[in-house]
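Heads up, the thing below is written out as structure tokens.
Read the figures in this text as sums done on the coordinates, not as results from a lab. These figures come from a predicted structure and were not determined experimentally. Please note: Cβ atoms are built from the backbone with ideal geometry, for glycine as well, and neighbour counts cover all protein chains shown.
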2 protein chains.
Amino acid sequence: MVKRVSLWNAGCPVARSLDAIGDWWSLLIIRDAFDGKRRFGEFQNGLGISKGVLSTRLRDLAKRGIFETVPASDGTAYREYVLTPKGRGLFPVIVALRQWGEDYLFADGEARSSLVDREKRAPVARLEVRSADGRSLVWSDTQVTG
Amino acid sequence: MVKRVSLWNAGCPVARSLDAIGDWWSLLIIRDAFDGKRRFGEFQNGLGISKGVLSTRLRDLAKRGIFETVPASDGTAYREYVLTPKGRGLFPVIVALRQWGEDYLFADGEARSSLVDREKRAPVARLEVRSADGRSLVWSDTQVTG
DNA sequence: CAGTATCCCCCCTGATACTG
DNA sequence: CAGTATCAGGGGGGATACTG
């Protein structure tokens, strides 16, 4: 999000990714999008983000080709925000973040999903990272939200 | 990094993860740590971050159990910062970020690794995300940096 | 409901200087 | 080299009000 110093030109893919979505809100918005949210209000209510900030983020993310806007599916005059293929490409990032959080940030037995209805539509996925020799480094179940 | 509004208590693992490492510098510092950097100066030179900010970040990350400090290996009176198991657990996050950046943020033929020596020690890994039915959603080679 | 426009303030960030 | 302390500025973020 264009901090004072941008590492965009560093040529490091990690830095560039962070430049695009490495701020507090963007990944949370994208997470909600993966969870099926499409409307301005849905994002706003779920996140408790102010309208101004959400508006800016959505526009910025659209400019970067992560979201695209489409006419509202219910016939109203509003827009809906849906992930582009590039945006959906962030799925592994969300999954990795979620997995780490589950593994290291919760006390045993603590509830893990107050934000969304787990039954609904959150994609279920398994993430794996292997070293060059094929040895599995990570392997576990996960869901995007909750 | 304790923004005004913390979603820590939301119970969403993604939000908690972001609360812990979701700021501009933390993941870059962690990326460098995966690349073998251990000293204050190594981080500072590589990132172009100010001393004050780096100092704060390092202390904060240590407080969160992501880094631990050990006596300098060269006998000097300084500390070195090494990732804890919890910190190393962020490997998939870095990998996912890197993969996405490579896939969507570079023009064809553009150089991808000005920050580090690819030959050296950057861990090579493959990341995979599968849907519940075992269908592979993502599969490609990657390195942490550069 | 879906935004946009304003205002204001906090604090993150960077620069500089100082200590061991 | 490895930090800590202090200071100044700038922009992100929230709140509120307003429009269609």
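Sorted from shortest to longest, the distances between the B:Gly65 label points of this copy and the other copies are 4.0 nm, with each point 7 Å from Cα along the line through the beta carbon.
Mean partner shielding of peptide B:70-77, defined as the number of other chain Cβ atoms within 10 Å of each residue Cβ, is 0. Label positions at B:Val53 and A:Thr56, each projected 7 Å from the Cα along the C-beta direction, are separated by 1.7 nm. Taking amide hydrogens as placed 1.01 Å from N in the peptide plane, the amide H of B:Glu80 sits under 5 Å from those of B:Val70, B:Ala72, each at least 5 positions away in sequence or on another chain. Inter-chain Cβ neighbour count for A:25-36, averaged per residue, equals 2 (cutoff 10 Å, partner chain atoms only). Our estimate of slack between B:Arg79 and B:Phe106, defined as 0.36 nm per intervening residue step minus the Cα-Cα distance, is 6.0 nm.
Going from the fewest other Cβ atoms within 10 Å to the most, the residues A:Arg98, A:Arg88, B:Arg64 appear in the order A:Arg88, B:Arg64, A:Arg98.
Going from the fewest other Cβ atoms within 10 Å to the most, the residues A:Lys37, A:Lys51 appear in the order A:Lys51, A:Lys37.
The order of A:Asp108, A:Asp35, B:Asp74, going from fewest to most other C-beta atoms within 10 Å of their C-beta, is A:Asp108, B:Asp74, A:Asp35. Here A:Lys51 yields copy-to-copy label distances, from shortest upward, of 4.7 nm, the label point defined as 7 Å from Cα along Cα to C-beta. Inter-copy label distances at A:Phe40, using a point 7 Å along Cα-to-Cβ, come to 4.9 nm with the shortest given first. Legend: residue pairs A:Lys51/A:Lys86; B:Lys37/B:Lys63; A:Lys63/B:Lys51; A:Lys86/B:Lys86; A:Lys86/B:Lys37, Cα-Cα distance threshold 22 Å; pairs beyond threshold, A:Lys51/A:Lys86; A:Lys63/B:Lys51; A:Lys86/B:Lys86; A:Lys86/B:Lys37.
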